[in-house]
Amino acid sequence: AITFNEVTKHGWGGDVTLDSRTGNIHQAAGSTIDLSAQYNQAGTLRAVALDAAGGIVDLQGTLLGSSSGYYDAGGTLMPYLAGSVQIQAQRLGSSGALDQQFADLNSRLNVGQVFGARSFQLKQGNLTIGNGLKAGNISVSVDNGSLRVTGLVDASGERVGSMNLERKHGLSMDGSAVLDGHGSKPRGDSYGNTIDSPNRASVGPRARDRPR
């Protein structure tokens, strides 16, 4: 926060970009990436490792992405966005099952309150999503595998959420699967009238004919 002439202005969370052209990205278990902010929008972590010779993104450390405070969104007070992650990788780790790696990473993101957006583009493997995937904007792309949902994919909050699930080889949803994008706080204009578009959640599971 910066105070100038008795006015305090809070800065937004910083952005972090990790880009490995031919290798891997590893975050050690004892390290911390802090995207959080107070009374402003938190930042974004982008990690890209797509080369077939490497392509591992393995984030084992602490990831912080909380935010606090509200802003005037044209007539309705809405919370500042929490932190976001964007991951593009061949794989999420060098050992272990993809399902467990994905669940463990989302568990760490939940602890760090990285609830703004989560985007995963995975080039290899089949993925089963259980509970624990939570953010206002969710995107999961499995470029060369299948995608199965068995638990809660949670994009709900004070503002409505959006989610997009993409896969090349089949999408299945168990009877226990839930896709939730509802908002708990209606958006209105300065006259108190409801604004349709910001109150409409988006859920889009779909297939792709070819990998990106």
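Points to keep in mind about this one:
- The condition of being modelled with pLDDT of 95 or more, of a type outside the set (K, R) and open to solvent by 20 Å² or more (accessible area, probe 1.4 Å) does not hold for A207.
- Put simply, of A1, A89, A73, A52 the only residue that is at pLDDT below 95, in contact with a Lys or Arg (Cβ under 9 Å, 6 or more places away or on another chain) and under 29 Å from A103 (Cβ atoms) is A52.
- Sole residue being at positive phi and open to solvent by less than 40 Å² (accessible area, probe 1.4 Å), chosen from G55, G13: G55
- Screening the candidates L77, L35, L63, L45 for the property of being aliphatic (A, V, I, L, M) and open to solvent by 90 Å² or more (accessible area, probe 1.4 Å) yields one hit, L77.
- Single unsatisfied condition, Y71 versus (1) over 21 Å from the mean Cα position of the chain (by Cα); (2) of a type in the set (F, W, Y); (3) open to solvent by less than 30 Å² (accessible area, probe 1.4 Å): (3)
- Looking across the range 18-48, the residues that are outside any loop (DSSP other than H, G, I, E, B) and either within 17 Å of S66 (Cα to Cα) or among the polar types (S, T, N, Q) (or both) come down to S20, Q27, T32, I33, D34, N40, T44, L45, R46.
- Candidates in the range 148-172 are the residues that are over 17 Å from the mean Cα position of the chain (by Cα) and modelled with pLDDT of 90 or more; of these, the one that is surrounded by the most Cβ atoms within 10 Å (Cβ to Cβ) is R148.
- Subset of the range 181-199 that is modelled with pLDDT of 75 or more and under 20 Å from the mean Cα position of the chain (by Cα) - its residue that is farthest from V140 (Cα to Cα): S184
The values are calculated or read from the model by the stated rules, or taken from the named source; none is laboratory data. Keep in mind it's a predicted model, so treat the numbers as computed, not measured. Cβ coordinates were reconstructed from backbone atoms using ideal geometry, including for glycine residues, and neighbour counts include every protein chain displayed. The accessibility values were calculated without ligands, DNA or RNA, using every heavy atom of the protein model including side chains. Shrake-Rupley method; radii C 1.70, N 1.55, O 1.52, S 1.80 Å.
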